[in-house]
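Student: Take a look at the following structure, please.
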Amino acid sequence: MAMLPKYRGKVVVIDLWSTSCDPCLKEYPGILALQKKYPQEIVCVSMNCDYIGVKTKPVEYYRPRVVEFLQSQNSNIVHLMCNEPADELFEKLKLDSIPAVYVFDQQGQQVKRFDGQYTREVSNASATQSAGKAAADSEEDEEESKFSYAEDVAPVVEKLLKK
């Protein structure tokens, strides 16, 4: 939050993720695509939450695998590694789980939070069509993120950029 004033005038997207979170890794390319599409208008920030607070495994313990993943993605956005245990951070943020994405407007005000509690608004036709599929896929849904960059985050960012 302390870095938001530095980016005043730009939309800021902060992605909380972990290398042990499959939905996080699946959605990660979305933040890169968003930054690539709007390089002058937005700032995307990647915040890794691998650190769990075990004394024998300090933040530096996780750095090699985080760096390896970022390099595999050719990631060139702002990267942070949380030095607070993930559970403590999640409690402070009132966050059940990751992935989580926060979108801030050009004035630094949070306009949207995407997390496990987020539910996409769907039209009645879409809801009816997917009702049967949703029941059949309920086990798979627990392994999937409830939002995506393409369908959820990008439209919010684009709306902010049009203001």
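What follows draws every value from the coordinates through simple rules; no lab data is involved. None of the values given here were measured: they were computed from a predicted structure. Using ideal geometry, Cβ is built from the backbone for each residue, glycine included, and neighbour counts are taken over all protein chains shown.
Student: Looking at the range 30-128 only, what percent of DSSP beta bridges run antiparallel? Nearest 5 please.
Tutor: 50 percent
Student: Here is a follow-up. Give me the distance in nm between label points sitting 7 Å out from Cα along the Cα-to-Cβ direction at R65 and D87, one decimal.
Tutor: 1.8 nm
Student: How long are the semi-axes of the equivalent ellipsoid of the range 1-61, defined as square roots of 5 times the Cα gyration tensor eigenvalues? Whole Å, largest first. Show your work: numbers first, answer last.
Tutor: Working: eigenvalues 134, 53, 10 Å².
Computed over the range 1-61, the values are 26, 16, 7 Å.
Student: Tell me the net charge near A154. Cut-off is 14 Å between Cβ atoms, A154 excluded, with +1 for each Lys or Arg and -1 for each Asp or Glu. Before the final figure, lay out the partial values.
Tutor: Values: positive: K36, K37, K112, R120, K159, K162; negative: D15, E27, E41, E151, D152, E158.
Net charge in that neighbourhood comes out at 0.
Student: Please compute the net charge surrounding V54, taking Lys and Arg as +1 and Asp and Glu as -1 over other residues with Cβ under 14 Å from its Cβ. Present the calculation step by step, with values, prior to reporting the outcome.
Tutor: Values: positive: K55, K57; negative: D50, E60, E84, D87, E88.
Within the 14 Å Cβ shell, the charges total -3.
Student: Shifting gears a bit: Taking 0.36 nm per intervening residue step and subtracting the Cα-Cα distance, what contour gain separates E41 from V78 on full extension?
Tutor: Numbers: separation 37, 0.36 × 37 = 13.32 nm, distance 1.45 nm.
Gain in length upon complete extension: 11.9 nm.
Student: Please work out whether the range 23-87 counts as rounded, prolate or oblate from its C-alpha gyration tensor, where a ≥ b ≥ c are the square roots of the eigenvalues and a/c under 1.5 means rounded, while otherwise a/b larger than b/c means prolate and anything else oblate?
Tutor: On the way: a/c = 2.48, a/b = 2.11, b/c = 1.18.
Prolate is the answer for the range 23-87, as a/c is 1.5 or above and a/b outweighs b/c.
Student: Around Q35, with a cut-off of 15 angstrom between Cβ atoms, what is the net charge of the other residues, counting Lys and Arg +1 and Asp and Glu -1?
Tutor: On the way: positive: K10, K36, K37; negative: D15, E27, E41, E158.
So the environment of Q35 carries a net charge of -1.
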